[in-house]
Each structure stands twice: as structure tokens, then as C-alpha cells.
Amino acid sequence: MNYWLFKSEPGCFSFTDLKARPDMTEPWDGVRNYQARNFLRDEIKPGDLVLFYHSNIPEPVVVGIAEVVREGYPDVTALDPNGQHFDPKASRDNPVWYMVDVRYCQPLPRPVTLEQIKGNPLLAAMPLVKRSRLSIQPIAPGEWRIILIMGGVEQP
DNA sequence: GCCAACGTTGGC
DNA sequence: GCCAACGTTGGC
């Protein structure tokens, strides 16, 4: 079982939106970066846990936890010429892009800001801190535990 | 809104 | 295959 951090712009799709899903699952589509694609296609598995991060806002912040419920499968939004995420390189035979399904788990009692993460020397190795723009990032078990403790989760 | 970082594209 | 131009991300 592995840990991940998924970035989302809350104006586009927020943790509250995930919570509001009637069936409690959501396809994590629209990722168009090869490194992130490789994680989605090859490494992220059902049961893996995800830090839900809100980016591109005045105070970027980890707001909650989600769980992966379906492993990587073709992101068909790349095939829709009228869609936001259309990619002419993608086809049914060669999907190029992949997505997973996630389910709402729980919010952090105290959301952990990027500022707090940057202020913790134990978290200095996180891609987030190194200013990577990577939208899907692996999280080490130790980092996971620290962030959950910072977030006020009783039994991380 | 600015701009640095960085990923992608395309001419050669 | 190099690398300049360009586009996007995302913190500030």
C-alpha cells in the first residue's frame, strides 16, 4: 500500500466536491503530464491513500484524505475533441493518458498549509517543497504520518 | 497579475 | 538529438 499527494485547483474540483459525490467515487481525469501518467497507469493501486491538496490559491493547503478505489484505466476525456482535455495523440488503441477512481475518506481536522510543510525540516524531501509542479506525487510513509499528525488526525 | 520553473514542441 | 521558443503551472 502506497501514499500519494494529488493536486487540485479547488475552483476546478475541490475536496468538498468529492465529498458531495452521490456514489462517493470520482474519476481523477485530465492529468496530462507523463511522469504523473506513469504513476496513475503503473503504480497507484486500490487501497492506496491520497492527500488531497488544493493548489493555485492564496494559501495552498492539504485539506483531506481520499482512497484509491480503481487502478489506472484509459482517460477517455482525451478522445473528446470538444473537451477541455482533448489530446489528438490519444486513440482507443493508444489511450496515452490514464486515470484512477478515488473515494472521499476524511477531512483533516486542521488542514496543513504549504507554509507549515515548508517549515518542517522532516518534510524537506517532498516534491511539493522542492517546487515541483508535479500534480501526482509519491509520499513516504514517514511523511504521511507527520502530515496527518500536523493535521490533527488522532490515529494516523 | 507577475514571473520562475519546467515540460513540450518543432526546426534544423 | 540539440536547443530555442513557447506554453503551463502554481507560489507569491
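Taking only pairs six or more apart or across chains, which ones have beta-carbon atoms under 7 Å, a first residue in the stretch A:128-154 that is under 16 Å from A:V68 (Cβ atoms) and in contact (Cβ under 8 Å) with a residue 60 or more places away in the chain, and a second residue that is part of a loop (DSSP other than H, G, I, E, B) and within 15 Å of DNA strand C (Cβ to nearest atom)?
Note: pairs meeting the criteria are A:S135/A:V31; A:S135/A:N33; A:I136/A:V31; A:Q137/A:P127; A:Q137/A:L128.
Could you list, in sequence order, the residues of the stretch A:95-121 that are within 20 Å of A:S55 (Cβ to Cβ), among the aromatic types (F, W, Y) and within 16 Å of DNA strand B (Cβ to nearest atom)?
Listed by number, the list holds a single entry, A:W97.
Which of the helices (runs of 4 or more DSSP H) found entirely inside the stretch A:1-119 contain at least 1 residues meeting this: within 13 Å of DNA strand C (Cβ to nearest atom) and surrounded by 17 or more Cβ atoms within 10 Å (Cβ to Cβ)? Break it down stepwise before answering.
On the way: elements: A:15-20, A:34-38, A:114-118.
Hits in the stretch A:1-119: A:34-38, A:114-118.
Determine which member of the set A:Y53, A:Y98 is closer than 17 Å to A:P10 by Cα and either in contact (Cβ under 8 Å) with a residue 60 or more places away in the chain or in contact with a Leu (Cβ under 9 Å, 6 or more places away or on another chain) (or both). Give the derivation first.
Details: A:Y98 fails: closer than 17 Å to A:P10 by Cα.
From the options A:Y53, A:Y98, the qualifying one is A:Y53.
Among A:K45, A:K7, which is at pLDDT 95 or above, charged (D, E, K, R) and within 11 Å of the chain's Cα centre (by Cα)? Outline the logic, then answer.
Numbers: A:K45 fails: within 11 Å of the chain's Cα centre (by Cα).
Every option except A:K7 fails the conditions.
crowded, with 16+ Cβ neighbours inside 10 Å, within 16 Å of DNA strand C (Cβ to nearest atom) and in a helix (DSSP H, G or I): is that true of A:I146 in this structure? Let's see the steps before the verdict.
Numbers: crowded, with 16+ Cβ neighbours inside 10 Å: yes; within 16 Å of DNA strand C (Cβ to nearest atom): no; in a helix (DSSP H, G or I): yes.
So A:I146 does not fit the description; no.
The values are calculated or read from the model by the stated rules, or taken from the named source; none is laboratory data. These figures come from a predicted structure and were not determined experimentally. Cβ coordinates were reconstructed from backbone atoms using ideal geometry, including for glycine residues, and neighbour counts include every protein chain displayed.
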